[in-house]
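The structure is given below, and queries will be raised subsequently.
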Amino acid sequence: MPKRYSAKLKFQIVMELIQGEKTAGEVAKAYGVHPNSASAWRRQFLEKGPKVFAEDNTIQEYEKRIGDLEQLLGKKELEIALLKNFLGQTR
């Protein structure tokens, strides 16, 4: 089973790699990880980095969607109550 490393450790390693003061091999050796793993984490970080800043917009979109759904739910609850009331009066 491959070793699992914490996100915090991966981030530390990536930050050292990005600083460029040490080679990937040196950083990997210092942390006891394989250089290929360190390089892969750096690549993933650089590819996904812009998503970190996009999250603010995503959260706002989800909050708006939740608000819209709550409003729709309220309307449906009112419709159900009106229908129950109507059906109760016709019996």
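So, in the range 3-22, how many residues would count as being among the hydroxyl-bearing types (Ser, Thr, Tyr) and either assigned to a helix (DSSP H, G or I) or touching a residue at least 60 places away in the same chain (Cβ under 8 Å) (or both)?
Applying the first criterion (among the hydroxyl-bearing types (Ser, Thr, Tyr)) to the range 3-22 yields 5-6.
Remaining after also requiring either assigned to a helix (DSSP H, G or I) or touching a residue at least 60 places away in the same chain (Cβ under 8 Å) (or both): none.
Selection size over the range 3-22: 0.
Is there a residue in the range 72-81 that is part of a helix (DSSP H, G or I), at pLDDT 90 or above and of a type in the set (Asp, Glu)? Spell out how you get there, then give the answer.
Narrowing the range 72-81 to residues part of a helix (DSSP H, G or I): 72-81.
Right, trim to at pLDDT 90 or above and you get 72-81.
Filter once more, so that each one left must be of a type in the set (Asp, Glu): 77, 79.
Yes, there is a match, as at least one residue in the range 72-81 is part of a helix (DSSP H, G or I), at pLDDT 90 or above and of a type in the set (Asp, Glu).
Being part of a helix (DSSP H, G or I), in contact with a Ser or Thr (Cβ under 8 Å, 6 or more places away or on another chain) and either touching a residue at least 40 places away in the same chain (Cβ under 8 Å) or surrounded by 10 or more Cβ atoms within 10 Å (Cβ to Cβ) (or both), is that true of even one residue in the range 63-70?
Step one: of the range 63-70, the residues part of a helix (DSSP H, G or I) are 63-70.
Going one step further and asking which of them are in contact with a Ser or Thr (Cβ under 8 Å, 6 or more places away or on another chain), we end up with none.
Looking for residues that are part of a helix (DSSP H, G or I), in contact with a Ser or Thr (Cβ under 8 Å, 6 or more places away or on another chain) and either touching a residue at least 40 places away in the same chain (Cβ under 8 Å) or surrounded by 10 or more Cβ atoms within 10 Å (Cβ to Cβ) (or both), one finds none in the range 63-70, hence no.
Using beta carbons and a limit of 9 Å, which pairs, at least six apart or on different chains, have the first residue in the range 23-36 and in contact (Cβ under 8 Å) with a residue 24 or more places away in the chain and the second one surrounded by 12 or more Cβ atoms within 10 Å (Cβ to Cβ) and among the charged types (D, E, K, R)?
From the range 23-36, the pairs are Val33/Lys10.
The values are calculated or read from the model by the stated rules, or taken from the named source; none is laboratory data. Bear in mind the structure is a predicted one, so any value in this text is a computation, not a measurement. Note that each Cβ is placed from the backbone with ideal geometry, even for glycine, and that neighbours are counted across all protein chains shown.
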